[in-house]
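No value in this document is a laboratory result; all are computed from the given coordinates. Remember, predicted model here, so these are calculated numbers, not experimental data. Counting neighbours? That spans all protein chains shown, and the Cβs are built from the backbone with ideal geometry, glycine included.
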Amino acid sequence: MGTTRAVLFDLDDTLIADDAATEAAFLATCSCALSRYGLDPPALARAVRWQARRLWQAAPTIGYCRDVGISSSEGLRARFTGDDPRLTILRAWAPVYRRGAWSRALADHGIDDVAFAEELAATFIAERGARHLVFPDVEPVLGALTHTHRLALVTNGAPDLQRAKLSGAGLGPYFDAVIVSGEVGAGKPDPAPFTLALNALGADPAEAVMVGDSLERDIAGARNAGIRAIWLDRAAAERPPDGGVPDERIGDLRQLLAVL
């Protein structure tokens, strides 16, 4: 094994608790419906996520969204800025999508109030944008690695959204390069984002490792690019889900320093 010069990281649920922040934002938003109509916030949150997933399948560029890893919940708040024509299409369609998801969720509970649906859509954007939950092991490790390695972030998603997460979490200064799938046009596990990250760092695949929580995207993608793959399994899964086979498995990011 050669000397490791570059470390690539995933963002969502590797460095930041994206799922937890999103769930908290849904519940906070749906609490508005408790005071307005007496609706149960968790029930409404489940309904809007279900309706959003259904509508997302009809996105005018659903193939692109799947390729770059933009989820239905991310579509509820992304601005889709950028010059890619597919982002332009999504930017125009997004208000219709958001209004539809929240209106249908309210309708599931017998409420017909389009104005309130639009209010909820705007509230969710604000609530999720205010939540940046960084895992406690992240900054000590990134801080230590900046003295010894070149660091890159390789993340799937809409460009504006992923960069806003990185900035809001205060993690941007740790990275020498940031690769967002929505800017590349291909997402993990495609090797293209990994190759771009290596080029930006001036490193060869044999000199790099990738750290991420997803076997399917991070681990398989790294292996596709010829990069050593380290699976961050915070949940200590008894049976790993299907996906790529990691070179190493750690349960806490602080273990990465010893593995390197």
Query - Residue that is nearest to the chain's Cα centre (by Cα), among those in the stretch 118-147 that are closer than 18 Å to THR22 by Cα and small (Gly, Ala, Ser) - result: GLY129
Requested in this report: Looking only at the stretch 14-53, count how many residues are of a type outside the set (Val, Ile, Thr) and touching a residue at least 24 places away in the same chain (Cβ under 8 Å).
Outcome: 22
Query raised in the report: Quick one: VAL138 ticks every box in (1) touching a Ser or Thr at 6+ places or on another chain (Cβ under 6 Å); (2) surrounded by 16 or more Cβ atoms within 10 Å (Cβ to Cβ); (3) aliphatic (A, V, I, L, M) bar one, so which box is it?
Result: (1)
Requested in this report: Would you confirm whether any residue within the stretch 110-118 is free of Cβ contacts under 8 Å to residues at least 24 places away in the same chain, among the aliphatic types (A, V, I, L, M), surrounded by fewer than 17 Cβ atoms within 10 Å (Cβ to Cβ) and touching a Ser or Thr at 6+ places or on another chain (Cβ under 8 Å)?
Outcome: yes
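So that you can scan it fast, the table gives a plain yes or no per residue for (1) buried (at least 24 other Cβ atoms within 10 Å of the Cβ); (2) on the phi > 0 side of the Ramachandran plot:
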{"site": "ASP160", "(1), (2)": "no, no"}
{"site": "ALA169", "(1), (2)": "no, no"}
{"site": "ALA186", "(1), (2)": "no, no"}
{"site": "ASN199", "(1), (2)": "no, no"}
{"site": "GLU216", "(1), (2)": "no, no"}
{"site": "ALA222", "(1), (2)": "yes, no"}
{"site": "LEU232", "(1), (2)": "yes, no"}
{"site": "ALA237", "(1), (2)": "no, no"}
{"site": "GLY243", "(1), (2)": "no, yes"}
Query raised in the report: Within the stretch 74-81, can one find any residue that is in contact (Cβ under 8 Å) with a residue 60 or more places away in the chain, more than 22 Å from ALA20 (Cα to Cα) and among the β-branched types (Val, Ile, Thr)?
Result: yes
**Report entry** So LYS188, is it touching a Leu at 6+ places or on another chain (Cβ under 9 Å) and more than 18 Å from ARG5 (Cα to Cα)
**Finding:** no
